[in-house]
1. So, counting K/R as plus one and D/E as minus one, what does the shell of residues with Cβ under 12 Å around ARG46 add up to?
2. Taking N as the number of residues in the chain, what is its alpha-carbon radius of gyration divided by 2.2 N^0.38 Å?
3. Which residue, chosen from GLY93, MET105, VAL81, occupies the Cα position most advanced towards the positive end of the dipole of the range 71-133, where the dipole is computed from +1 (Lys, Arg) and -1 (Asp, Glu) charges on Cβ about the Cα centre?
4. Given +1 on the Cβ of Lys and Arg, -1 on the Cβ of Asp and Glu, and no further charges, what dipole in debye does the chain carry about its Cα centre, rounded to the nearest 20?
5. Rounded, prolate or oblate: pick one for the range 5-66, where a ≥ b ≥ c are the square roots of the eigenvalues of its C-alpha gyration tensor, a/c under 1.5 means rounded, and failing that, prolate if a/b is larger than b/c, else oblate.
6. Using DSSP to call loops (not H, G, I, E or B), can you name the trypsin sites (Lys or Arg not before Pro) in the range 1-44 whose Cβ has at most 14 other Cβ atoms within 10 angstrom?
7. For the range 71-133, with only Lys/Arg (+1) and Asp/Glu (-1) charged at the beta-carbon, what is the dipole magnitude about the Cα centre, in debye rounded to 20?
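Quick note: the coordinates plus some simple rules give every number you see, no bench work behind them. This structure is a prediction, so every number in the text was calculated from the model and none was measured. Cβ placement follows ideal geometry from the backbone for every residue including glycine, while neighbour counts extend to all protein chains displayed.
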Amino acid sequence: MEEDTYTTGQAARILKVTDRGVRKMIDRGELEAQQDERGRHLIPQRAVHAMLEDRRAMSPGEAAAERPESVEEARDLRERVEALQRELGRLEGRLELTERTESTMREERERLERLLEEERAERRRLQEELDTEHSKGFWRRLFGG
């Protein structure tokens, strides 16, 4: 009769460690496991639960000493957090530059729209002046009458 087993991922969730931590325990002989035909570790449920009970019985200091990967994991996590904080700083800087650029471009567009409106008004004025002059007869235009 076959015994019920966990995968390394399932055992990791139960023991509150990483998959890598479970594999290290197996390699060190701390956790019983067998490999299936595909090379995956199968860990007897009784072994996982026994380890869980042993951990619960230990003091926090003893439990930490039993899990050297936790120090390594903490260092890895700290490095990841620091890298993410640096990336966040870079992204915030880029966002600030983008906002400044957008503001400058908006101001420039408004300035150009004002100039365009002034040019249109000047064009209308000149067109009206031309139309007024054109409506006068040839001789009146020629002699300023």
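1. My count for the surroundings of ARG46 gives -4.
2. The chain yields a ratio of 2.73.
3. It is VAL81, whose Cα lies furthest towards the positive end.
4. For this selection, approximately 640 debye.
5. In terms of gyration-tensor shape, prolate.
6. Numbers: sites: ARG13, LYS16, ARG20, ARG23, LYS24, ARG28, ARG38, ARG40; in loops: LYS16, ARG28, ARG38, ARG40.
When the trypsin sites (Lys or Arg not before Pro) of the range 1-44 are filtered for loop state and at most 14 Cβ neighbours within 10 Å, LYS16, ARG28, ARG38, ARG40 remain.
7. Its charge dipole is roughly 300 debye.
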